[in-house]
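Step one of this worksheet: look at the structure below.
Rule-based calculations on the coordinates, nothing more; no lab input. Predicted model, so just to flag it, every value in this text is computed and none were measured. When we count neighbours, we look across all protein chains shown, and the Cβ atoms used for this are built from the backbone with ideal geometry, even at glycine.
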Amino acid sequence: MEQRFSEWLAVQAESLDSREGIVPSLGDEEARHILEQIAEALIEGREAFTEPRFDVLEKALRNEPDIAEGEIDRVLTTRALSGMRGMVDRLMKLSKLERVKTPSDQTAKYVREATRAYFYGLIQASAVMSRIALEQALKEVLGRQGIEDFVKFKELRNEAEQKGILDGVTGPAACEFAKDANEVIHHRPTDAKGALDILTRSRGLIVQIYTAASGQSSVPHLP
């Protein structure tokens, strides 16, 4: 396979040195390794809970912000380049999202973020957002969008079945989907394969919900 653009960029980044004014001169590889570890720790401290012993690194960040931010920039850029192949591969597993009726901006944002979370590798976030997107789609087609009263998913599903938005196939499918998505939310994390399954089912059900709401006789299938 021909070298991808992200791979080419990664090679070019590795070849840069202080003479090009991009990567600061760090003296030696050991110094570079230490700075990289500090940057990783500073990033980790914003992603998860860390031990108090890392507080000294936060002090270093305040005292030498340019050096710390520069190294964080390098680490995050390297991560993005190295993860690009996976992002592309995950995106290519998804089919084009067909629609019959244009969703509201609110629903569209949830669907978009569920999809983006998946191909960025945020597996758990994708599963959670997929569940939220389906619930939001039901609220919209049932005229419950923006209503502050809390409504359980089961109630939305029952109402959608009564109004013909969900049928004998999509109704049980929505019930099973909610069960699997709730398992991720309340019990145990999923993996990339599970997140893809949840996302794909959410997108497929949403397409069929809007198709039914628009009064179309044929329901397109989203693989």
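Assorted remarks:
- Where chymotrypsin sites (Phe, Trp or Tyr not before Pro) in DSSP loops with at most 10 other Cβ within 10 Å are excluded, longest remaining stretch of the chain: 50-149
- Estimated distance in nm for a label pair at A125 and R62, the labels positioned 7 Å out from Cα along Cα-to-Cβ: 2.8 nm
- Nearest-0.05 FRET efficiency for K179 and F5, computed from C-beta distance (R0 41 Å): 0.50
- Our coupling estimate for the range 64-80, obtained by passing each phi through the Karplus curve with A = 6.51, B = -1.76, C = 1.60 and θ = phi - 60°, is 10, x, 5, 5, 5, 5, x, 6, 4, 4, 5, 5, 5, 5, 4, 4, 4 Hz, Gly and Pro reported as x.
- When the Cα positions of Q145, V56, S130 are compared along the charge dipole of the chain, Q145 comes out farthest toward the positive end, with charges on each C-beta of Lys, Arg, Asp and Glu.
- Helix 123-141 and the longest principal axis of the C-alpha atoms of the chain enclose an angle of approximately 30°.
- Relative contact order %, the chain, counting alpha carbon pairs below 8 Å whose residues are six or more apart: 20 percent
- Sum of side-chain charges, L81 neighbourhood, beta-carbon under 12 Å (Lys, Arg +1; Asp, Glu -1): +2
- Reachable aspartates and glutamates from K193, criterion Cα separation under 20 angstrom, eight or more residues apart if same chain: D89, E113, E176, D180, E183
- With both labels modelled 7 Å from their Cα along Cα-to-Cβ, the D73 to A41 distance reads 2.3 nm.
- A Gaussian network model of the chain, with springs between Cα atoms under 10 Å, assigns the largest mean-square fluctuation among A41, A80, A212 to A41.
- Taken about its Cα centre, the chain carries a charge dipole of roughly 1360 debye when the Cβ of each Lys and Arg holds +1 and the Cβ of each Asp and Glu holds -1.
- Axis angle, to the nearest 10 degrees, between helix 170-186 and the longest C-alpha principal axis of the chain: 30 degrees.
- The distance between label points at D167 and A31 comes to 7.1 nm (points 7 Å beyond Cα on the Cα→Cβ vector).
- Too-long pairs where the Cα-Cα distance tops 27 Å, listed order kept, from K96/K152; K96/K179; K101/K152; K93/K154; K109/K179; K109/K163: K96/K152; K93/K154
- Sum of -39500 (n - 2.57) over DSSP H runs of 4+, divided by residues of the chain (222 nm, nearest 500): -22000 deg cm²/dmol
- Annotation note: GluC sites (Glu not before Pro) in the range 79-145 located in DSSP loop regions with a Cβ neighbour count of at most 15 within 10 Å are E98.
- The charge dipole of the range 92-213, taken about its Cα centre with unit charges on the Cβ atoms of Lys, Arg (+1), Asp and Glu (-1) only, comes to about 340 debye.
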